[in-house]
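Notes follow once the structure below has been shown.
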């Protein structure tokens, strides 16, 4: 008599869903539309906003459709953010119709590491109940950011999309807005697996918002996925604005241009760095 096989039940997760598995079918995944805001480090924001409900109310008042929170670096969870507060914030935002996506800084030193990162991040996405994952992939700076080449990029992004899609989750890329400025960076190998492109259009040091955005549009014209640009929502170096008032003025121009181009959505980097003047723009300006 044949021995009866034991059927293993899928592991339950923090969101109540089973972990991601590979699947050849392509299910419908969430889209990125409306206005969004990045969160880099959650604990300081929880302190400043004085708790979950105030944070969620502020997001709602700012007319946000989504909040994007960092969940991993390389193959390691971003432990600072992944606490009970994450779950409370996610659920409070969801109650206000605001979706939480996670974002990941891939390292991908070799193909094996790239696959490990894809598996780790897709499992985290399911475990923590986010709606999608953004690949915050940028040109290497020493040991920081993306360390691999084309093979690593393809291995990582292909497997990550496969596993996320199997769980009904989406994959986006958030990278250099003008990829041709970084010829050694495997942008296309990453982007070809994404459902949406969220380029970092950091216009703070550009002659105008229009100048930078138009350059980004041309540089990404070869992609057919939705274009959801990320604006400069902070004051300082690296593409940030010159002052709080400039941040607000340029945000208004950015929002206007996004509407004129009829892009499905847009975002700002980042919550903790956004001056009060920018928040006023978000509170008072239609999406």
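Values in this text are rule-based calculations from the coordinates and carry no lab data. None of the values given here were measured: they were computed from a predicted structure. A quick note on method: Cβ atoms are made from the backbone with ideal geometry, for glycine too, and the neighbour counts reach across all protein chains shown.
For the stretch 138-277, what class follows from the C-alpha gyration tensor (a ≥ b ≥ c being the square roots of its eigenvalues): rounded when a/c is under 1.5, otherwise prolate if a/b is larger than b/c, else oblate? Prolate, because a/c is 1.5 or more and a/b exceeds b/c. Taking 0.36 nm per residue of separation and subtracting the Cα-Cα distance, full extension of the segment from residue 150 to residue 76 would add 24.4 nm. Modelled spin-label separation between residue 180 and residue 285, with each label point placed 7 Å from Cα along the Cα-to-Cβ direction: 2.9 nm. In the elastic network of the chain, a GNM with C-alpha springs shorter than 10 Å, the most mobile of 220, 54, 81 is 54.
Classify the stretch 97-216 from the C-alpha gyration tensor, please: rounded if a/c falls under 1.5, else prolate or oblate depending on whether a/b exceeds b/c. It comes out oblate by the Cα gyration axes. With a simple spin-label model that places each label point 7 Å from the Cα along the Cα-to-Cβ direction, the separation between residue 253 and residue 48 comes to 2.4 nm. Stretching residue 61 away from residue 143 to a fully extended chain increases their span by 25.6 nm, per 0.36 nm per residue minus the current alpha-carbon distance. Beta bridges assigned by DSSP with both partners in the stretch 34-284 are antiparallel in approximately 10 percent of cases.
Going through (1) 189; (2) 150; (3) 140, the figure that equals volume of the Cα convex hull per residue in Å³ as computed for the structure here is (3).
For residue 222 and residue 31, the FRET efficiency from 1/(1 + (r/R0)^6), where r spans their Cβ atoms and R0 equals 30 Å, is about 0.90.
Build a GNM of the chain with springs between Cα atoms under 10 Å apart, and of 263, 227, 38 the one that fluctuates most is 263. Among 274, 184, 232, the largest mean-square fluctuation in a Gaussian network model of the chain, built with springs joining Cα atoms closer than 10 Å, belongs to 184. In terms of its C-alpha gyration tensor, the stretch 145-184 has an oblate overall shape, because the principal axis ratio a/c (a ≥ b ≥ c, square roots of the eigenvalues) is not below 1.5 and a/b does not outweigh b/c.
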